Each structure stands twice: as C-alpha cells, then as structure tokens.
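Single-structure report; data block below.
The values are calculated or read from the model by the stated rules, or taken from the named source; none is laboratory data. Only a predicted model underlies this, so the values are computations on that prediction, with no experimental measurement involved. Cβ coordinates were reconstructed from backbone atoms using ideal geometry, including for glycine residues, and neighbour counts include every protein chain displayed.
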Amino acid sequence: MMTSSLLSTVHPALAILLVGGMFAFLVGVFAATGIRPLVNTRWLGGWALKWFSVVRLVVLAAVFVTGLKAAYPLIDQNFAAVFVTHSGWLLIAKLTIACLVLAIALRIHFVSLPAIAVNAEFAATAKRNLRRWVVIEGVCTLALIWAGHVVANDHPPNHAVIHDWPYPFRFSIANTWGMGMADAVIGVWVAIILLAVAGGAALLGRMKGGRSRWRLGLPTVLTISALVVGLYALAVEAFPETYRPTPVPFKAESVAHAMTLFAENCIPCHGHQAKGDGILAKTLPKKPVDLLTEPHASMHTPGDFFHWLTNGIPGTGMPAWREKFSDKERWDLVNLVHALSRGYQARIIDTRVLPNQPYLAPPGFSYTAHDGSSGRLKDFREEKALLLVVFSWPESRERLDQLRLAYPLLRDHKAEVLAVPLTALTTQQTALITEDLPFPLVTQGADEIARTYSLFRRTISNPDLMGQGAVPTHMEFLFDRFGYLRARWIPESDGSNWSDIDFLTQQVDQLNQEEKILPPPSEYVQEATHDMDMGGMKM
C-alpha cells in the first residue's frame, strides 16, 4: 500500500510526465496531420501516435488513481464538507476535469486516431477532428494541473466545521439501501439497469455506426437518468443542524442530567425506557419511535436529533423544546439518545473479552475519590485497563473485600480498580468501606456515573425491556487501555465468573496483549462513518 509521503511524490511526478507527454503528443499529431505532414500518416505517423496514445492513457490512469488516493486524506470521511467548502468544490472540479480529460483521451484513441487511416474522402475531416480534440485535451490538462495546484495550497475540507447544512437532503447508503428500504432497493436496481442499457446502447452504436447524435445522445440520456434515479433513491431528509458538531462532551454528567430531563418531561409519550410506549403514545397522531432497541442513533446524525428537539416534528405530536430547554440541555438529550442505543448494543458483551474486537465507545466521566485523588476515564488511556465497580452497600460487601485482597495482583497485571456506589452513602458507610481500601472510592461524580452506566445493564438473557426496568445491585465494567468497553459482569445474570480472580486477570491479560486497533473514542457523539454519506455518501 502506497504511503502518503510516497504518494505526495509520485502524483506530482506523474502529473509533470502527463503534461510533457500531452504536448509531445500534440506536436506529433500536428506533424502527422498538418497540411504538409512531416511523417507518413498511414504508416509511421499513425503507428507512432497509437502507441504514444496507449502510453499516455496509462500515465493518465495512474494520475487519476494516485490523485484519488491523495485526495482521500484531505477528506478523511468528512464527505459532507466537500459540498459546502471552497476546497471541497475545488476537489470536485479537479475530479470532473480529470474525468473529462480521460474521456477525451479515450475518444482520441478509439475514434479519432483510427479515423485518420480511413479512405481519402474522409481523411481530411478526420484529421481536423483529431487536431481539435487534441487541442481541447491539452487545454483541459492545463486546467487539471492548475486545479491540482490550487487544491494543494488550499485548506483541506477534512477539518471543516459545518454549522449550517445548505441542502434539504443528504445521501446515505446505510440508511436507505443498507436498511433494506423497498424504495431505495428498487431505485438502485432501476439505476443499475439503466446504466447497463446505456452501456449496451453505446456499444451497439459503436458497432453499427449511424447518426452521431443518437450514438452519443441516447447513452448520455440513459446515464443521466440512472444517476438521477439512483441518487434520489439514496437521499434522506436533512436540516441546517444535520452536520452541526456536538458542543457537549459525551460524558456521564451530560447523560445523567438528560435522564432527569427525560423523566420529568418525556416519559408520558416515550415511556420509561424510551421505547415509545408511554401512556399517551396511542393518543398521538404518530406513535413515538423506539429509541432503545431500534438503530435511530446510527440512522440519524446528532444534529438531526438536535433539530427535532429544537423545532419538534410536525404531524407526530413531538413538540418544540427550544423555549423550555437550553441549547446545552438539548445536546444533553442527544447524548442520552446515544447512551441508550449504545447501552442496548452492550447486551452482547459478557464476562469474556472478545479478542481484538473493540467497538463500544462508552460515555466518559470525571470523578473525585475519598482519598482526594481525581481523574477522568480517558486518563487511563495508553496506561492500563480499568475495572469500574458499581456496587450497592451492604450487598456488595463480600465482593469489595475480595477485590481489596486481589488488588495487588490486578495492579501487577496493569489494571486499576475504581469503585462507584450505586446510591449515596452516609459518612459512616463511607468510613467503613474505605478503611484499608487500596483503590479509589468515588465520592464526587458517583451518582452520574452509576446512573449512566445503569443503561449498560442489559444482557442477552435479560434484556430488561418491560416497565421501568430494574437496575442490578452490582455491576462491573472492564475497559481496555484505549478507552473501549470490552467486558461486563453482572452477578445476578452472569453467575460467579469474575468471582474467580484468575479468570478476571485472564481477561485483563487478553487486553494487555492487544495492539491499538482503533483510535481512542471521540469525546463527542458523531454521525456513523461506516458508509459514504453527502452528509453521510455519507457523502
């Protein structure tokens, strides 16, 4: 795989070679097809031009491929920014010109050059056409080089911040084709069929000849129709806030605050667990969606949710909350939507670490402990694994005593322990628990951490979807040293697995053996980036 440094050297070198070859080819064409040709067109000139054309096509293809590879880091999955930034439109212009140059080069090679060898009646016209197309290609090549120079010296779109998306739509493969939507599937297949028919029409026209307007016009119309149908099938609604960056970190403090707002304002419609089954749900024009078990957090951007919270959703009964909730509170609720979704995804996590499969980015948190120490979840990154123990007192007394004794062993295996009470402790209880406690007991931030991580309590055997749900009295979460949630133990449903300290240290050792697979989780919720989206093509 070509490295970026090598690519940055190879692509400009190929571009210089392309320009030199282009103008050498232009001189050769005029020398072979002018009023007084300097070489024999049928033999030496025609043969040399064809081989020169082949080499030129190879170089042009190499420039095209290396250009695409060089452009990708400038975008870095921020495809939406391509369509709203100056540098993004320059990239589009460069790609368009490159496609045009490639199309002209192919026409010259397969149409214009063979035509100059035809009988004398048409040779003069063919030569004029060849010279015209070569000049056009030369001008477009210069425009391509200019566009490449401007792009190289402009600010790339990969770090662009989109505060207001100007289009009422975006393209998303994952949310249309990927969800198996009938309209999208039908539209894409119709587009594929139209493209196939366009290709067949172009080939048939090439083989049978005939009027040029039909040979070119029909395939062009079919191709444009295919693009319109296909893109329409992949389009989803978008709003000015769709790509607005989330200003509130995805942390326990934010999620816990949103849980309070949700409990006070949203339960009658959305239900206790956000499944859309509140007591008023059936009275609404449209039943609220299930935010817990359905993949809405991955189907929509954080900005989409912020827009709906701000302006409501017409025709559904969802009101606008801009007057009651501040901007920060609405972003807190966006974080809660993601915490609910990720908590439900966590049901497949159990006591055993799945090797080399980090995928679940948990909410961050900050804390202060009984011994005066303080920190954040991300402080453990690149350092050690973390065992987060959410406990009840006195129900968890025996487990805390076990961890007290096992703590030196866990430290030797590069794991830290952090204890978080599920409910507030009295001063006497705190003193009793922390007597000779070798690891931190969270005293400030405990309520937010415990409430937030209670959303990650669901398991395959106990999805806990009915009523208000039931929070276990004891939960333990194991994070790898890169910040991902990798394993979880809930004694009520998982049995005694982590009571075996040797089994627990085996899971820690598995994490310590792994190299970095993914970059650390972002501090902010973001749109899903597993597909191309314009706003997602994931554009």
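L432 fulfils the conditions (1) more than 35 Å from the chain's Cα centre (by Cα); (2) crowded, with 16+ Cβ neighbours inside 10 Å except for a single criterion, (2).
Failed condition for Y453, given (1) touching a strand residue (DSSP E or B) at 6+ places or on another chain (Cβ under 8 Å); (2) surrounded by fewer than 16 Cβ atoms within 10 Å (Cβ to Cβ), with all others met? So Y453 meets the others, but not (2).
Exactly one residue out of T310, T316 is touching a Leu at 6+ places or on another chain (Cβ under 9 Å), polar (S, T, N, Q) and over 30 Å from V442 (Cβ atoms): that is T316.
Quick check on R399: is it surrounded by fewer than 16 Cβ atoms within 10 Å (Cβ to Cβ), more than 22 Å from T260 (Cα to Cα) and either modelled with pLDDT of 95 or more or within 34 Å of the chain's Cα centre (by Cα) (or both)? No; evaluated as a whole, the condition is false for this residue.
So that you can scan it fast, the table gives a plain yes or no per residue for (1) surrounded by fewer than 17 Cβ atoms within 10 Å (Cβ to Cβ); (2) part of a helix (DSSP H, G or I):
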site	(1), (2)
A297	no, yes
F306	no, yes
T316	yes, no
R322	yes, no
K328	yes, yes
G343	no, yes
A346	no, yes
R352	yes, no
Q357	yes, no
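For the range 220-274, the candidate set comprises residues that are part of a loop (DSSP other than H, G, I, E, B) and among the hydroxyl-bearing types (S, T, Y); within that set, the residue that is nearest to V337 (Cα to Cα) is T246. Residue-level analysis places K275 outside the set of residues that are crowded, with 21+ Cβ neighbours inside 10 Å and not polar (S, T, N, Q). Return the residues of the range 426-441 that are of a type in the set (A, V, I, L, M) and either under 16 Å from R399 (Cβ atoms) or in contact with a Pro (Cβ under 6 Å, 6 or more places away or on another chain) (or both); say none if nothing qualifies. Of everything in the range 426-441, those that are of a type in the set (A, V, I, L, M) and either under 16 Å from R399 (Cβ atoms) or in contact with a Pro (Cβ under 6 Å, 6 or more places away or on another chain) (or both) turn out to be L432, I433, L437, L441.
Taking (1) in a helix (DSSP H, G or I); (2) touching a Gly at 6+ places or on another chain (Cβ under 8 Å) in turn, A339 satisfies each apart from (2). The numbered conditions (1) of a type in the set (A, V, I, L, M); (2) over 13 Å from V334 (Cβ atoms); (3) surrounded by 21 or more Cβ atoms within 10 Å (Cβ to Cβ) are all true for V248 except (2). Say we look at the range 145-201 and pick out the residues that are touching a Gly at 6+ places or on another chain (Cβ under 6 Å) and among the small types (G, A, S); which of these is surrounded by the most Cβ atoms within 10 Å (Cβ to Cβ)? Looking at the filtered set, the residue picked out is S172.
Can you confirm whether V150 is over 20 Å from H86 (Cα atoms), assigned by TED's automatic domain parsing to the domain that holds W51 and in contact with a Lys or Arg (Cβ under 9 Å, 6 or more places away or on another chain)?
no
From the list T473, T434, T443, which residue is of a type in the set (S, T, Y) and more than 30 Å from A258 (Cβ to Cβ)?
T434
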